[in-house]
Amino acid sequence: MRRPYRVLTRALCVGMLAGAAACGVDEPGYPRGFPEAADGDETTASASPTGAAAAPALTAERARGALIRQDDLGGAWSGTEGAATWRDGLLKGRTDRPECQELLDAVYAEDLLGEPKGGSAVTGFDDADNGSQLRYQVGAYDRAHIDARFGHFRQLVDKCAEFTISGLQGREYGAEVTPIGIPDSIGDARQGLRLVINGDVDGEDGALTLALVSVRIGDIAALLTHGGLYGIDDTTTEEATEAGAARLQDLLKKQEKKQEKQEKQEKKRSGDATPPPSPSPSATA
């Protein structure tokens, strides 16, 4: 039987993400995460030209314009400091089911989208209140490829409701996966999942909670990863997804306007380059 989707929207709060409760600790010394995440102003990728007839290529600069910002998250958030520990300890493990291993590897590598076809950018943030982290990446992709990956991971989520991870030093962790339902009003295509890993964390029972939400608009897609050992704030996941989708839409509109401008300039140049018509024989007689 298909498991019910958790719904990512306050308007459907009955089905909202059920986040783990945050632990109150005086000096938590939270492990860092997402070591490769950096401020969007520092992370770039080259753009791939797609030809004169295609839409303007997404450059790294334009992709950075679609990244979420600290203001979208609240006062407890700041730019990430990197240096992961729990990612390797809890996500870099083995399972005895190939489909669940594929899902776990994709979550570890944050690879629900695949390699971008054009410019891309990434940013990361840390939550000082509960030690959770958020990473957000934007890039240009092939829309058919992205939709196919969404469908594939949807199948993996259905197959891997519960499985066991064998981690470092032979420790075993129980993993639970639930799909995240995203309203059809957000983007052209969408996919979300929630992974909770339970087990021994620094000698105590603990749980890593990760929410991965991806949205595609046109050929541009974004992936949001929100996770932590001490629970995550579901409202932050929701609001960051909505803010990111709005910026993706703005980026797409700018791309379309730029394309229209280029087409008009091309037509004007073509008109200016057209030679005047030759005089008719009667005019020269």
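Ligands, DNA and RNA aside, Arg135 has an accessible area near 20 Å² when probed at 1.4 Å.
May I ask you to compute the full-extension gain from Lys261 to Gln169, defined as 0.36 nm times their residue separation minus their alpha-carbon distance, rounded to one decimal in nm? Please list the in-between numbers first.
Working: separation 92, 0.36 × 92 = 33.12 nm, distance 5.94 nm.
Full extension from Lys261 to Gln169 adds 27.2 nm.
Bridgeable aspartates and glutamates around Lys261 (alpha carbons under 20 Å apart, same-chain partners fewer than 8 residues away excluded): Glu61, Asp219, Asp250, Asp272.
If I compute solvent accessible area with a 1.4 Å probe over the protein chains, what percent of it on the range 121-236 is carbon and sulfur? Kindly include the intermediate steps, with their values, before the conclusion.
Working: 1650 of 4010 Å².
Answer for the range 121-236 is 41 percent, counting heavy atoms of protein chains only.
Taking label positions 7 Å along the Cα-Cβ direction at both Glu102 and Lys159, the computed distance is 0.5 nm, reported to one decimal. Using 0.36 nm per residue and subtracting the Cα-Cα separation, the extra length available between Lys254 and Asp142 on full extension is 38.5 nm. Amide H contacts of Asp188 (H built 1.01 Å from N, in plane; Pro and chain starts excluded): Arg216, Ile217, Gly218 sit under 5 Å, all sequence-distant by 5 or more or on other chains.
The values are calculated or read from the model by the stated rules, or taken from the named source; none is laboratory data. Predicted model, so just to flag it, every value in this text is computed and none were measured. Glycine also receives a Cβ, built like all others from the backbone with ideal geometry; neighbour counts cover every protein chain displayed. The protein model used for the area step is the full one, side chains on, heavy atoms only, and it has no ligands, DNA or RNA in it. Shrake-Rupley method; radii C 1.70, N 1.55, O 1.52, S 1.80 Å.
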